[in-house]
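Working notes for the structure below.
Only the coordinates and a few stated rules stand behind these numbers; no lab work does. Everything quoted here is computed from the prediction, not taken from an experiment. We place every Cβ from the backbone using ideal geometry, glycine too, and count neighbours over all the protein chains shown.
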Amino acid sequence: MATTSSDLDFGILLVLADQEFVRDLRATLAGQGVDEQGRSDGFVLRTLGMAPTTVSGLAERLEISKQGAGQIVDDMERRGFIERKPDPTDGRARLLHLSPRGKEVLAAARRFHQTYERRLRKIHGDAAIDAVRSVLVSMVGEERSATPHFRALLF
């Protein structure tokens with residue numbers, strides 16, 4: 001007996017769709033020379049693309065510990081995606097900035113997102129994709145999806 005889309009567990013389907021999206025994104029970036037990709041890279045790149053911040057500020061935005069954010073920053077700095085620079089308003093603080101390489105990777109990821117959505121719109125039509133967006137926003141919640149951090153993720 002053939003499986004239909006209504007037979008699939010909705011939560012599992014969401015996870016599988018996310019995994020396919022991430023797999024396609026990683027393959028596209030790898031094809032552009034970005035072979036070493038961390039799980040948090042996209043969020044960090046988009047956050048810093050919005051504005052420089054401290055490790056503490058990044059931890060708050062990512063909702064993780066300062067230690068966890070520090071480990072991510074160290075790794076991304078080692079891979080050449082971000083740079084630490086003195087904060088001009090606080091001599092003790094160091095601000096995280098995108099490096100030129102980080103800006104290139106962010107631009108490539110944004111192009112991928114745009115291309116991915118255009119492809120889905122071509123296959124399924126604008127109405128279907130607009131409906132999916134609406135459902136996802138309702139699942140995430142209007143308040144959370146309207147925060148500047150997540151708005152910055154839009155293209």
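Comparison of Gln19, Gln37 shows that the only residue that is exposed (fewer than 14 other Cβ atoms within 10 Å of the Cβ) and not β-branched (Val, Ile, Thr) is Gln19. For region 41-48, the condition holds for no residue, the condition being that it is in a helix (DSSP H, G or I) and over 19 Å from the mean Cα position of the chain (by Cα).
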